[in-house]
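> The structure's right below; bear with me while I get my questions together.
The values are calculated or read from the model by the stated rules, or taken from the named source; none is laboratory data. Computed from a predicted model, the values in this text were never measured in an experiment. Every residue, glycine as well, gets a Cβ built from its backbone with ideal geometry; the counts of neighbours run over all protein chains shown. Heads up: the accessible areas ignore ligands, DNA and RNA and are worked out on the full protein's heavy atoms, side chains in. Shrake-Rupley method; radii C 1.70, N 1.55, O 1.52, S 1.80 Å.
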Amino acid sequence: MQRTVAPSMLSADFGHLERDTRMIDRSAAEWVHIDVMDGVFVPNISFGFPVMKPIRKATSKLLDVHLMIVEPEKYVARFVEAGADLVTFHLEATKDPAGCIARIREAGVRVGISIKPATPVAALREWLPMVDLVLVMSVEPGFGGQSFIPGSLAKIRELRALADELGFATIIEVDGGISSANARDVFDAGAEVLVAGSAVFKAADPEAEIRRILEA
Ligand code: DX5
Ligand code: ZN
């Protein structure tokens, strides 16, 4: 299975967004993860459209936008205009997942759906035929720097088995508490894309930590 690392800009230095994005651009990471928080779906506020501009300008790598906002269907098209290549919304954040998926497709990019730690894999069954990716949260969304919830590994395995059973090549992405110390277990459970925020940006050599995660 292919391995991809998506460093999370939430842990970057916002005073040096261009520098930090260029670091990812020359690194072995293929995706750039962008966490958007509204202070309603999660108890924290991060950033929105204007902050995506300098990031988009500084890299041609895939911009992976993770929306932690209520009623995401209202805003997905604007995130695509701002440069998103893939838009992921939370199943728990909308009354209309089908409408949200349709809006993202109409905007011409790939679609992801995310679940919080307490949401069971079974809740995804009806949406798997419509999405390209599932983002499994391995911490409660809202903050970087938390510890990986060990029960997430069983969820990843269950999701991989469900997707295989239904015959979908769903990409599994995992987000929260990932570093080179646990990356191997997460890849082995069936994940293809690992998000890493603090592990990358707090490392003495961020590019080396990205390589260590990929080669874990
Ligand atoms: C948390 C965000 C994550 C966060 C991960 O709600 O979705 O993407 O940046 O940070 P670390 O890797 O530090 O757990
Ligand atoms: Zn995220």
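> Hey, Asp35 hits all of (1) away from ligand 1 (no atom under 13 Å from the Cβ); (2) buried (at least 19 other Cβ atoms within 10 Å of the Cβ) but one; which does it fall short on?
Here Asp35 meets the rest and fails (1).
> Here's a follow-up. Would you please name the residue that is farthest from ligand 1 (Cβ to nearest atom), looking only at residues in the range 197-211 that are among the small types (Gly, Ala, Ser) and assigned to a loop (DSSP other than H, G, I, E, B)? Full working, then the answer.
We begin by selecting, within the range 197-211, every residue among the small types (Gly, Ala, Ser); these are 197-199, 203-204, 208.
Narrowing the set further to residues that are assigned to a loop (DSSP other than H, G, I, E, B) leaves 197, 203-204.
On the way: Gly197: 3, Ala203: 11, Ala204: 16 Å.
Checked the range 197-211; the qualifying residue farthest from ligand 1 (Cβ to nearest atom) is Ala204.
> Looking only at the range 42-65, which residues are assigned to a loop (DSSP other than H, G, I, E, B), within 12 Å of ligand 2 (Cβ to nearest atom) and touching a residue at least 60 places away in the same chain (Cβ under 8 Å)?
Val42, Asn44
> Consider the range 1-30. How many of its residues are touching a residue at least 12 places away in the same chain (Cβ under 8 Å) and out of contact with any Pro (no Cβ under 8 Å at 6 or more places or on another chain)? Explain how you work it out, then say what you get.
Here is the first cut: in the range 1-30, the residues touching a residue at least 12 places away in the same chain (Cβ under 8 Å) are 1-14, 17-18, 20-30.
Still in the list and also out of contact with any Pro (no Cβ under 8 Å at 6 or more places or on another chain): 1-6, 8-14, 20, 22, 25-26, 28, 30.
The qualifying residues number 19.
> Could you look through the range 54-65, keep only residues that are of a type outside the set (A, V, I, L, M) and touching a helix residue (DSSP H, G or I) at 6+ places or on another chain (Cβ under 9 Å), and pick out the one that is most open to solvent (accessible area, probe 1.4 Å)? Working first, answer last.
Pass one, the range 54-65, residues of a type outside the set (A, V, I, L, M): 54, 56-57, 59-61, 64.
Checking the rest, the ones that are also touching a helix residue (DSSP H, G or I) at 6+ places or on another chain (Cβ under 9 Å) come to 54, 56-57, 59-61.
Details: Pro54: 50, Arg56: 60, Lys57: 177, Thr59: 10, Ser60: 106, Lys61: 40 Å².
Among those that are of a type outside the set (A, V, I, L, M) and touching a helix residue (DSSP H, G or I) at 6+ places or on another chain (Cβ under 9 Å), it is Lys57.
> Near ligand 1 (Cβ under 8 Å from one of its atoms) and closer than 23 Å to Leu86 by Cβ: does that describe Gly190? Full working, then the answer.
Values: near ligand 1 (Cβ under 8 Å from one of its atoms): no; closer than 23 Å to Leu86 by Cβ: yes.
The answer is no for Gly190.
> Anything in the range 146-183 that is under 21 Å from Leu214 (Cβ atoms) and small (Gly, Ala, Ser)? List them, or say none.
Passing the criteria: Ser152, Ala169, Gly176, Gly177, Ser179, Ser180, Ala181, Ala183.
> State whether the residues of the range 10-32 include one that is among the hydroxyl-bearing types (Ser, Thr, Tyr), farther than 20 Å from Glu207 by Cα and open to solvent by 10 Å² or more (accessible area, probe 1.4 Å).
Let us first name the residues in the range 10-32 that are among the hydroxyl-bearing types (Ser, Thr, Tyr), namely 11, 21, 27.
Adding the requirement that they be farther than 20 Å from Glu207 by Cα leaves none.
No, there is no match, as no residue in the range 10-32 is among the hydroxyl-bearing types (Ser, Thr, Tyr), farther than 20 Å from Glu207 by Cα and open to solvent by 10 Å² or more (accessible area, probe 1.4 Å).
> While we're on this one: Looking only at the range 25-41, count how many residues are part of a loop (DSSP other than H, G, I, E, B) and under 18 Å from Val139 (Cα atoms). Walk me through it before giving the result.
As a first pass, look at the range 25-41 and keep what is part of a loop (DSSP other than H, G, I, E, B): 27-30, 39-41.
Now narrow it down to the ones that are under 18 Å from Val139 (Cα atoms): 39-41.
Summing the residues that are part of a loop (DSSP other than H, G, I, E, B) and under 18 Å from Val139 (Cα atoms) in the range 25-41 gives 3.
> Now a separate question. Can you tell me which of Met37, Met137, Met68, Met130 is within 14 Å of ligand 2 (Cβ to nearest atom), in contact with a strand residue (DSSP E or B) (Cβ under 9 Å, 6 or more places away or on another chain) and without any contact (Cβ under 8 Å) to a residue 40 or more places away in the chain? Reasoning before the result, please.
Working: Met37 fails: without any contact (Cβ under 8 Å) to a residue 40 or more places away in the chain; Met68 fails: without any contact (Cβ under 8 Å) to a residue 40 or more places away in the chain; Met130 fails: within 14 Å of ligand 2 (Cβ to nearest atom).
Selected residue: Met137, the only one of Met37, Met137, Met68, Met130 that is within 14 Å of ligand 2 (Cβ to nearest atom), in contact with a strand residue (DSSP E or B) (Cβ under 9 Å, 6 or more places away or on another chain) and without any contact (Cβ under 8 Å) to a residue 40 or more places away in the chain.
> While we're on this one: Going residue by residue through the range 15-31, is there one that turns out to be touching a helix residue (DSSP H, G or I) at 6+ places or on another chain (Cβ under 7 Å) and under 23 Å from His90 (Cα atoms)?
Checked the range 15-31: no residue is touching a helix residue (DSSP H, G or I) at 6+ places or on another chain (Cβ under 7 Å) and under 23 Å from His90 (Cα atoms).
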